[in-house]
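Notes for the one structure printed next.
Every number in this text was worked out from the coordinates using simple rules, so none of it is lab data. Bear in mind that the values here come from a model prediction, so they are computed numbers and not experimental data. Because the Cβ atoms are built from the backbone with ideal geometry, glycine has one as well, and the counts that use them run over all protein chains shown.
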């Protein structure tokens, strides 16, 4: 009768050890996903000049260069939005066109975050109209888009619409590419290719390129909040996206310096806070980014205040 009593602590220790091994393995899986190790063909651009054909935005099993980034359940929505955008472009008579991903689409729609409850509209759309309504803007942002998707959409309809003749094209893209594990040099190369597409397709339009906004890291307490919790800190030690975003923005700034037709804007400081003046530590404010990626209404208000003076100068 004494043997089971002696074995009980041993069994408990073995169970705890097994759990620890599982936790360590799971952490490594999350870390690997955060680094983008699951991304295929992320080490080279999908297009390097405006004459190149961007691969289809949805997965093409016969085209190994396509990154196939749109999940099956999102393809119908993506295709429907593209057709809607073509219709809107065919009758466009405004001054400003916005191109981008979910952060841009978020001015007028919601529901992008898988980690935090999205904030309801129409508050952000009201901010959009108050800030940019005088230019009758067209929002061509689609949640989840990477650079390749915008390149494909421009080639497959948008730049073929003769009515799409804005005074200004606004572009912010690249955060989803970095989140998928693409090399910063690849992201820079593809963005500059899209910029050249716009410039050649609409030489009379001005182009406003906004640098990639800071975003939360993919590492943290993944046990307590879904699969992982985003880091608030905006530095290389705590945030695995810091180096990539910084490198992309540096590359884009260098491109703009040698191509005067690109107007560059950096609104990052609007979303970065400091903890203490004596020993400044930068962090991202959840009151501006509810999941440390997508913006709250207050975040969109900050963004509008950064954007409007520049757009006013370019669109006048």
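Would any residue of the stretch 125-169 have its amide N under 19 Å from a label point 7 Å out along Cα→Cβ of residue 316? List them or say none.
Output list for this probe position: 131-137, 167-169.
How far apart, in nm, are two points set 7 Å out from the Cα along the Cα-to-Cβ line at residue 136 and at residue 53?
Between residue 136 and residue 53, the simple spin-label model gives 3.6 nm.
Arranged from highest to lowest average of other beta-carbon atoms within 10 Å per residue, in what order do the peptides 130-137, 290-297 appear?
290-297, 130-137
Want the number for residue 287 to residue 250: 0.36 nm per residue separation, take away the alpha-carbon distance, what's left?
Taking 0.36 nm per residue and subtracting the Cα distance, the gain is 10.6 nm.
Order these peptides, 266-276, 187-197, by their mean beta-carbon neighbour count within 10 angstrom, highest first.
Highest mean packing first, the order is 187-197, 266-276.
For residue 90 and residue 275 in one chain, what is 0.36 nm times their gap in residues minus the Cα-Cα distance, to one decimal in nm?
Taking 0.36 nm per residue and subtracting the Cα distance, the gain is 61.7 nm.
Can you pull the one-decimal nm distance between simple spin-label points at residue 243 and residue 180, each 7 Å off the Cα toward Cβ?
Rounded to a tenth, the inter-label distance reads 2.2 nm.
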